[in-house]
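Just below is one structure, and these are the notes that go with it.
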Amino acid sequence: MPVRMKTAVGLLLAALGIGALCLLAQGPLPGDVAITRGLQRMAGEAPAWARLLTDTAKAPLLWGTLSISILLAYLRGGWSSARVGPIALLAGYGVDALLRAVLFAPRPVAELVAVATPGAGSGLPSTFALVYGSLFGAVLFASRKGGVVATLSAASSAALIAAGASARVVLAGHWTSQFLASLLLAFSIVVALPPVLEQIERARRKRSASS
């Protein structure tokens, strides 16, 4: 099995493992409450920046997020990398809909942490994590170009993912464990996509050559 596919499988197994623990616990895992409370002590219980970041994973701001991620992916790995994020995003939406139809893990509750916007829906998966993991994960795992620009593109993407994770946790939209499981799931999709797309492209060229 190619290294990239082995990495994708490893990320998927990690996501499934953490997700399974979240489902079994039906509540926070060890460390979840402490992390949320710590972030809320530092940033406040419902900081404006966290609400704004949350909105960047939803229309209409999502279009700006998508554009930024495509640009960063292009700077990191060229056009072949720039196409991965949007395709991974579509796959992530499909996975999100499927998992929400069959799984339920409670979101953070006010008895344990301050909850900015109480919600009855499942905290697993995190749609935000799937969006950011797909779009900016495509930059992080792109076939790397050399140079400062490529490095800065990856660093910017990592910073945006970290900021997004902090936003969702500080607002108590998800437990950290729920967000992490969802993020790793998105990463597994991003890592697996390029070999699949290459196979499709080779098959298309072979059909074109034989016709």
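The values are calculated or read from the model by the stated rules, or taken from the named source; none is laboratory data. Because the structure is predicted, anything quoted here is derived from the model rather than measured. All Cβ positions, glycine included, derive from the backbone under ideal geometry; neighbour counts span all protein chains shown.
Among the residues of segment 61-80, those identified as of a type in the set (S, T, N, Q), more than 9 Å from V139 (Cα to Cα) and surrounded by 14 or more Cβ atoms within 10 Å (Cβ to Cβ) are T65, S80. Applying a threshold of 7 Å to beta carbon distances and a minimum spacing of six or more residues, or different chains, the list of pairs starting in segment 181-208 at a residue that is part of a helix (DSSP H, G or I) and ending at one that is exposed (fewer than 11 other Cβ atoms within 10 Å of the Cβ) and not polar (S, T, N, Q) reads P195/P2. Note on segment 130-157: residues that are surrounded by 24 or more Cβ atoms within 10 Å (Cβ to Cβ) and either of a type in the set (S, T, N, Q) or over 20 Å from the mean Cα position of the chain (by Cα) (or both) amount to 3. Across segment 124-146, a minimum of one residue is classified as in contact with a Cys (Cβ under 9 Å, 6 or more places away or on another chain) and either in contact (Cβ under 8 Å) with a residue 60 or more places away in the chain or part of a helix (DSSP H, G or I) (or both).
Screening segment 1-118 for helices (runs of 4 or more DSSP H) wholly inside it with 2 or more residues that are modelled with pLDDT of 95 or more and closer than 22 Å to A163 by Cβ returns the ranges 3-25, 32-43, 48-55, 61-77, 84-102.
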